[in-house]
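Visitor: Sharing a structure here in structure tokens format.
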Amino acid sequence: MKRGALPVIFIMILCVICVPLTAYYIGGWYAYWSHGVLAIIFALAVVLLKTKWYWEEE
């Protein structure tokens, strides 16, 4: 695994763990918007991981 990729993977795992926790503990519209924010953070982490460390040039 490349150096520096581990924090990004940790952020992705944290986003997945936080979704059901916010739904259970917060609920309502706040949980709805927090799921959207966590999905955006997760998507940005995936793009960063793909482009910065695992981009394959042809």
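The values are calculated or read from the model by the stated rules, or taken from the named source; none is laboratory data. Because the structure is predicted, anything quoted here is derived from the model rather than measured. All Cβ positions, even for glycine, are placed from backbone atoms using ideal geometry, and neighbour counts span all protein chains on display.
Visitor: List pairs: first residue in segment 24-51 and within 15 Å of I11 (Cα to Cα), second residue small (G, A, S) and part of a helix (DSSP H, G or I) anywhere in the structure, Cβ distance under 8 angstrom, at least six positions apart or on different chains.
Guide: If the second residue must be small (G, A, S) and part of a helix (DSSP H, G or I), the pairs left are H35/A23; L49/A5.
Visitor: Within segment 23-38, is even one residue small (G, A, S), in a helix (DSSP H, G or I) and modelled with pLDDT of 90 or more?
Guide: Yes, there is a match, as at least one residue in segment 23-38 is small (G, A, S), in a helix (DSSP H, G or I) and modelled with pLDDT of 90 or more.
Visitor: Which residues, taken from segment 2-18, are part of a helix (DSSP H, G or I), modelled with pLDDT under 90 and either out of contact with any Lys or Arg (no Cβ under 9 Å at 6 or more places or on another chain) or acidic (D, E) (or both)?
Guide: L6, P7, I9
Visitor: So, of the residues in segment 1-36 that are small (G, A, S) and in contact with a helix residue (DSSP H, G or I) (Cβ under 9 Å, 6 or more places away or on another chain), which turns out to be surrounded by the fewest Cβ atoms within 10 Å (Cβ to Cβ)?
Guide: Filtering first and then ranking leaves G4.
Visitor: Can you tell me how many residues within segment 1-41 are under 8 Å from the mean Cα position of the chain (by Cα) and of a type outside the set (A, V, I, L, M)?
Guide: Final tally of qualifying residues: 1.
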